[in-house]
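Single-structure report; data block below.
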């Protein structure tokens, strides 16, 4: 489907190199390689392996009971792209100017062009072609082609690893929580070296992990250090494979052609089931494809690794996984590649023991609380008001499990993983919440809690949290009954009774939701509206994001949102709110939202689209879809904003196409086309079917590409979808 | 008055040495010396100089804007009491057994008795007498008297300083916030030494402070290392003075007789104006005297130093000053030695620039926020939810200023220090609070705030905070008008207008106070009663204090108090609450209070007395007054609980005697005598008068010891107090 769609940016030579490294990085879910300059040092070395981390002690200014004691940081590995090039007088070509960079999104091939110069100002050209294997995930190939320019003699290249590169800004005392910390317990050593290959090992003292990386030439006779002649022929090329293994065993080599082939076939398949494109706006279309591309590159596919907040494109946020996965990224996989969605949820399942331990640390005798930020599932958050207190995370994971099951009816998953997680999260909510009386009624509440909005903390009855908890209880009840019916034996093994399920149902019915009578909207929490509105008029532009310029106490005492909170619940639970209230709610919260979080705009875009406010929907989408390409947040160099990549898919599919699954389990779309576009098209997988949905002005065309007939609701009307293409003329927007 | 009242504890040889060191420590407000064993090493070296601290960087697990960047820690100085004793074979007497310890509260003399032994198990007796100069505050004298026991030969003593002693449990990774941290940037060196004296210097690399300490013998011919003969005479004694100077200049020597004299005369004067005694219970009477004694020993008297939470008796809480000073300790000084109360307030005034800076850091363009914990006034709190958020501190300081003025009418103080502080704190409250609508009324509120109770944090409208802010606004208004009238020039210089004062008055009238309709009591905050009550029945005794055993998030989500909060406001503002509501309020909050803070029981005692619940009043008092003597909190070894020392005075004078100053400025007492006592008696200074008040069953006797006639209200009846003694027969309790 996606043919010849390439990312190429203007003026790369004058761009911030850090941004380019992140934007053009390659990854396969297992490891990632930033597009660092092969000749000059970068602030970030650029190689990250998913799940390869080191512990370090967390030091608190003032600690308290059950604060996490150790941090986890993804380990920066030596640069795989580094090459040293010397002239025939053995002067080094130490300067390089980036001329061009092209990333082919249809096959994953990255092509770069540099002009190298030595101290005598003699120049040669260097073209670099690289690709990462998407099937045999341990291999990366890179080919350097040299061309004589003002220098025309022999060149000597050295492709041995550089074990220690100059470091950029890191360290313990950095104030920006979005960056990473320096590690002192990492050992890098050469374990084997000969003319033809070199193997290095990187090991961690505390987490006891070890990785070996081997570099070898394309051909069996390619030496890592060798002479190439630009005197005889104007152009020579030389390539290396870098393979990585983290377990003992023989090292099986892979050749560059296979790497490129595996990359191309993976992308072909990925686009086949997950294409999404915009007609009539090449820039946004490219950005959207780019986002989906990078989302796939970052995603662990083995059930043991997940998606870091910055993917494998940078060490920002220390390589941790957050709620971003379930709320912003899993939806794309659920509806295009459910096998990967399942693996991501299995990752959570594999952390369940950590989550149970954490719940006990919080004084809860039953249930599990998943880690707010972690690599292996152990809680590492050092600031609980915006982490542990944000225990909606449990509900977010439950929500993703519910959606996955709805879209797959994967009973094996429910039996082996899903229901146990629903049960344990519901139990946590039951134990951590409390029964209370409100206006004479018995209600179930949550106190001292933080919702998605990190500019409000430690409040009572955050609407979003209560809604997620309710959904969690409902799912545990309903899917518990399903499992009990279909597989009573599996159900029986989990130590749960019908009575316990009935309690979940009862709590779900009695959960309290704060409501503001004056504005007739859902209230973010019990006391949100008693606070003054942030003085936006007096806040200069350079004081955003607020978190870097104002003390938390100053931010928390105002009505101000870092990101979508109550309105995110509105997007997730469309059946809980009518159009009028949604409109009032959107307007109110929009005015007080700074979008200082990269997780915000996509939600506002999707909701605006659903409300039919296409101007706003388009505007938010336009920002959100290009966030990293335009460095909107100002920190793309630390790594891409992975949640936002998934968010732009949400904007299109759940926003513009208005896709949702009804409580009856039926697929529903409510198309809204921005006037700026000729149309848009996407594919989704739903309960074994592959659908292609094309929306143009006045017409929605749905094609059942594969699978059995099914019903689909379009604009509140139900249609039977057969093999033939369904064309629906809609009322004009 | 106080004659021959001595502290002597049973079984000192089997007591925890750390507790004894703290309990028997000597101090003079400038420096303190723990009663460490002179022969063996202690975990804490024992010498602290008020205000002598070092900076160290604060490391946060996750930092945010305007978190304090450096910590301040009081510096442990070399042990002044250390002596080395050798036998004639130069074997050292390295073992010592404490036999007795006596602290004379009437003159400040400490007498100890030890039995020393060498490796051959030969023993000698060592009696130690020490005193600290209370007038020339740089001197401390200690005399060692040796007596032959099984060993009868010559002994060799060495009184040179030991610069580095073995350390006990300190360090960066300690989890108990009540302890201290290790410093690595302190330099200790010998700067001058000869046979007769030795001078050492201690300097800090970061705070750039330096202190010199000189040891010299009682006599000009006393060598620091010398031989004494126990062969010829069975008993010999040898004494040293340790002087300290922190500024350049000649070192003027002081002799031991003068030190003892200055100590005795100081204590005579102090008891003269501040006696408080209980008849019929020697144990509590001793404990009460002890508390007053230690409170005086800890208190800086120079306007540049204050009172640390542990005084000068241990490095716990890093030597920081908290709100404890104004709320728990200044009252004693205001009513017995107002000159010292003034110095403590001048200390705050001297930190006003830090406080202004801190307010700016919190985004407030006017006003000042004093440091929650600090030595020099710079904010060093590393956990803002229980520090910066507890900005009632500003109101606490204002309250103390108001009380000081009421009890002294010190116009010079008001002009030079007091009003400016009232103005700046009122401005902070004005800027950090907000106007809101509540039930149609315009009210003034405070959001995301923490009251005294550290088991509840980041709530809206903490009753105590709102009450303190209201008082602050009222004081700024009223005393502003006073200053304007009496000294318009001084008023004019402060950049304040009548209009601004009127705003304060207006806000004071409109401050919102949360109230619980169901229980008809003041509510601790807006949402306190929506939380569940802490599961006290399921909490084992060894899980207290809760802060060491439960995650803050777990504690905060319940109704549970670490200490008096709303009821503290009731004690401070008796005119705001009637007896019935007070009784309901006391009962409600008492049930949910753990008294995990040492600042709690004295308040409950005082209030219970005021309510006439003498059983409870007595019980709380009995615990509170002996807190450190019985190691009630389990951590006396880290230093005494200074606030509680002041609190026991509050219990007696503001509780049992019911002393208060009415809004009309009149002194009022409402005596309540526990049946366990024959009576109690105390002295207070009030607007230039010295009163002696004696309360026995059925009779209150008030004597105007010094000063002009005045009115006094006893049990709601006003009396004219002349030179003659006033006897009032009261109704039976």
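The values are calculated or read from the model by the stated rules, or taken from the named source; none is laboratory data. Small disclaimer: the values here were computed from a predicted structure and weren't measured. Please note: Cβ atoms are built from the backbone with ideal geometry, for glycine as well, and neighbour counts cover all protein chains shown.
Data overview
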read-out: Failed condition for residue A:322, given (1) more than 14 Å from chain B (Cβ to nearest Cβ); (2) within 25 Å of residue A:134 (Cα to Cα); (3) out of contact with any strand residue (DSSP E or B) (no Cβ under 7 Å at 6 or more places or on another chain); value: (1)
read-out: Residue in segment A:574-587 that is within 28 Å of residue A:548 (Cβ to Cβ), surrounded by fewer than 19 Cβ atoms within 10 Å (Cβ to Cβ) and touching a helix residue (DSSP H, G or I) at 6+ places or on another chain (Cβ under 9 Å) present; value: no
read-out: Selection status of residue B:644, outside any strand (DSSP E or B) and at negative phi; value: yes
read-out: Helices (runs of 4 or more DSSP H) completely within segment A:418-534 that count 2 or more residues being closer than 26 Å to residue A:581 by Cβ; value: A:463-486, A:498-510
read-out: Index of the failed condition, residue A:317 passing every other in (1) at pLDDT 95 or above; (2) in a helix (DSSP H, G or I); (3) within 30 Å of residue A:61 (Cβ to Cβ); value: (1)
read-out: In segment A:19-51, the residues that are surrounded by fewer than 24 Cβ atoms within 10 Å (Cβ to Cβ), out of contact with any strand residue (DSSP E or B) (no Cβ under 9 Å at 6 or more places or on another chain) and within 14 Å of residue A:101 (Cβ to Cβ); value: A:19
read-out: Any chance residue A:463 is within 14 Å of another protein chain (Cβ to nearest Cβ) and surrounded by 15 or more Cβ atoms within 10 Å (Cβ to Cβ); value: no
read-out: Residue that is nearest to residue A:316 (Cα to Cα) [pool: residues in segment A:346-365 that are within 14 Å of chain B (Cβ to nearest Cβ) and in a loop (DSSP other than H, G, I, E, B)]; value: A:362
read-out: Condition broken by residue A:404, with the remaining ones in (1) more than 9 Å from chain B (Cβ to nearest Cβ); (2) surrounded by 24 or more Cβ atoms within 10 Å (Cβ to Cβ); (3) part of a loop (DSSP other than H, G, I, E, B) satisfied; value: (3)
read-out: When residues of segment A:374-385 are limited to those that are touching a helix residue (DSSP H, G or I) at 6+ places or on another chain (Cβ under 7 Å) and more than 8 Å from every other protein chain (Cβ to nearest Cβ), the one nearest to residue A:74 (Cα to Cα); value: A:375
read-out: Residue match in segment B:634-645 (condition: out of contact with any strand residue (DSSP E or B) (no Cβ under 6 Å at 6 or more places or on another chain) and surrounded by fewer than 19 Cβ atoms within 10 Å (Cβ to Cβ)); value: yes
read-out: From the options B:486, B:493, B:510, residue that is over 28 Å from the mean Cα position of the chain (by Cα), away from every other protein chain (no Cβ under 14 Å) and closer than 17 Å to residue B:395 by Cα; value: B:510
read-out: Segment B:55-79: number of residues that are in a loop (DSSP other than H, G, I, E, B), in contact with a strand residue (DSSP E or B) (Cβ under 6 Å, 6 or more places away or on another chain) and more than 8 Å from chain A (Cβ to nearest Cβ); value: 1
read-out: Any hit, segment A:105-115, residues being touching a helix residue (DSSP H, G or I) at 6+ places or on another chain (Cβ under 7 Å), in a strand (DSSP E or B), at pLDDT 95 or above and at negative phi; value: yes
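Let's see how each residue does on (1) in contact with a strand residue (DSSP E or B) (Cβ under 7 Å, 6 or more places away or on another chain); (2) farther than 17 Å from residue A:467 by Cα; (3) buried (at least 20 other Cβ atoms within 10 Å of the Cβ); (4) within 14 Å of chain B (Cβ to nearest Cβ):
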{"site": "A:371", "(1), (2), (3), (4)": "no, yes, yes, no"}
{"site": "A:387", "(1), (2), (3), (4)": "no, yes, yes, yes"}
{"site": "A:390", "(1), (2), (3), (4)": "no, no, yes, yes"}
{"site": "A:425", "(1), (2), (3), (4)": "no, no, yes, no"}
